[in-house]
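Written out below as structure tokens is the structure these notes cover.
Every number here is computed from the coordinates shown, using simple stated rules; none is lab data. These numbers were taken from a predicted model, which means no experiment stands behind them. Cβ placement follows ideal geometry from the backbone for every residue including glycine, while neighbour counts extend to all protein chains displayed.
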Amino acid sequence: MKFDLQHTDSASWARAGVITTDHGTIETPIFMPVGTVASVKAVHFHELKEDIEAQIILGNTYHLYLRPGLEILEQAGGLHKFNGWNRPILTDSGGYQVFSLSANRKLKEEGAHFRSHIDGSKHLFTPENVVDIQRIIGADIMMAFDECTPGDAPYAYAKTSMELTHRWLARGLQHFDTTEDKYGYSQTFFPIVQGCVYPDLRRQSAEFIASQQREGNAIGGLAVGEPAEKMYEMIEVVNEILPSDKPRYLMGVGTPENILEGIERGVDMFDCVMPTRNGRNGMLFTSEGIMNMRNEKWKNDFSPLDPNGTSYVDYSYTRAYLRHLFISKELLAMQIASIHNLAFYLWLVKEARRHILAGDFVSWKKEMLTRVSRRL
RNA sequence: GGGCAGUUACCAAAGUGGCCAACUGGGGCUGACUGUAACUCAGCUGUCUUUCGACUUCGGAGGUUCGAAUCCUUCACUGCCCA
């Protein structure tokens, strides 16, 4: 993997760059649709490529390991061959499941003991075997196994948790560096900064992560219950330390507003379930603001979903029709909303990139911010 | 014409003397969702009130009772059966 930093904004920390992988290039800043179980829910790859213009998608180690399982993935020749997505794939390590499935796991020094949410069976994730699993999945970018600390964790817990993540990182890297790419193309490995909402911990973690000198670095443990302002503050603290010649990936973020704020602070990569999950639940993110498509007010609004929308669903379907589909629980509603939201997210980062290169990012971002966060 | 059963909120349907403004579904309205256990979850759904609470309701009218959606009389309507 290679990262070329093309331009850094003169009035902010915003950057434009290009990541090159063996499965193609990624223009940053980028938003990466989440495809947890080898599928971006409700969206075909054809739409993902042609209409949404996604350049890279996510998969999830924990979920893919449980289903379909490593044997199938290995037989298929890796995830790209299994699901037919021939562009880059990034896999989350399962660190987020340590957080979201916390009732079903126990953390120990060796790793995380899990109970499958599917059948209750017992499993152990270690920094080492999570590397092996991601090798077998065939991720272009693999993530370190970390503990995603809750946003409201007390200082002492956040510190202990961060230190565990650091020790796990050392083990994961050691294992990564002594194992080989599984399918002939290059696989890289990103470490993850933790430290919760505490600036000194974040600094300490960023220093440690930066010192590993990997091809890219991630910021984890944000947008997990802390106020947005705290998140922005932590991004600033961390990005001051993380190397500027490597891509910075803010994990699991976020709203269009969060993404604009992140870009302004020097983040290059984002992923989030919001455009797809919230889309399936009736929420549309548009260039004019946020709409709950189930609301009665769209009942007889026969205007396009988003007058500035870039995907075909925006001018093929009206608000009144999409509302009808949601109210009727039609599957098409989820498909339309997912396509629209993802296309909007990809449009947003593409525009951000364009304005960074043009040198007017800050004024554009300010204007865009007032529009995208509005409630329609 | 006779017999039997029934009529409860937007719909369906519990409730058969006080714990009932009335269970539960559905429908409707609103909200939540951030490295996806999520086509999920939560709240509201008689009127007024921010809350407390007050008021008006269970086909219509009248009655019994301290007290009625619940008991009685009568009327209306619906369904089934017999002529």
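Evaluated with a Cβ-only charge set (Lys, Arg +1; Asp, Glu -1), segment A:181-228 carries a dipole of roughly 60 debye about its Cα centre, given to the nearest 20. Remark: segment A:306-376 carries a charge dipole of roughly 220 debye about the Cα centre, counting +1 on each Lys and Arg Cβ and -1 on each Asp and Glu Cβ. Within the shell defined by Cβ-Cβ distances under 13 Å, the residues around A:E330 carry a net charge of +4, with Lys and Arg each +1 and Asp and Glu each -1. Compared with the dominant principal axis of the Cα atoms in chain A, helix A:228-239 is inclined by about 50°.
Only lysine pairs 8 or more places apart, or on different chains, with alpha-carbon atoms under 21 angstrom apart are counted in segment A:219-370, and they number 7. Toward the positive end of the charge dipole of segment A:191-254, with +1 on the Cβ of Lys and Arg and -1 on the Cβ of Asp and Glu, the farthest Cα among A:G220, A:P191, A:I235 is that of A:P191.
Across the alpha-carbon set of segment A:238-322, the Rg to Rh ratio works out to 1.11, Rh being the Kirkwood radius. Charged side chains reduced to their Cβ positions (Lys and Arg at +1, Asp and Glu at -1) give segment A:159-296 a dipole of some 480 debye around its Cα centre.
Sparse packing (at most 16 other Cβ atoms within 10 Å of the Cβ) combined with a DSSP loop state is found for the following GluC sites (Glu not before Pro) in segment A:287-344: A:E288, A:E330. For segment A:170-276, GluC sites (Glu not before Pro) meeting the loop criterion (DSSP other than H, G, I, E, B) and having at most 12 other Cβ atoms within 10 Å: A:E180. Placing unit charges on each Cβ (+1 for Lys and Arg, -1 for Asp and Glu) gives chain A a dipole about its Cα centre, and among A:Y155, A:G289, A:T21 the Cα reaching farthest toward its positive end belongs to A:G289.
Taking amide hydrogens as placed 1.01 Å from N in the peptide plane, the amide H of A:A14 sits under 5 Å from those of A:D9, A:G266, each at least 5 positions away in sequence or on another chain. Summing charges over all other residues whose Cβ lies under 13 Å from the Cβ of A:V197, with Lys and Arg as +1 and Asp and Glu as -1, gives -2. Peptide packing for A:279-287, A:356-364 was compared via the average number of neighbouring C-beta atoms within 10 Å per residue; ordered from the highest value, the list is A:279-287, A:356-364. Translational diffusion of chain A was estimated from the Stokes-Einstein equation, with Rh taken as the Kirkwood radius over Cα pairs; at 37 °C and 0.692 mPa s the coefficient is 157 µm²/s. Considering only Cα atoms, the convex hull volume of segment A:82-206 works out to 120 Å³ per residue. Karplus-based coupling profile of segment A:8-22, in residue order and whole Hz: 10, 4, 7, 9, 7, 8, 5, 9, 10, x, 9, 9, 10, 10, 6, with θ = phi - 60° in 6.51 cos²θ - 1.76 cosθ + 1.60 and x standing for Gly or Pro. Taking amide H positions as placed 1.01 Å from N in the peptide plane, with prolines and chain starts having none, which residues 5 or more places from A:M32, or on another chain, fall under 5 Å of its amide H? So A:M32 has HN proximity to A:F270, A:D271, A:C272.
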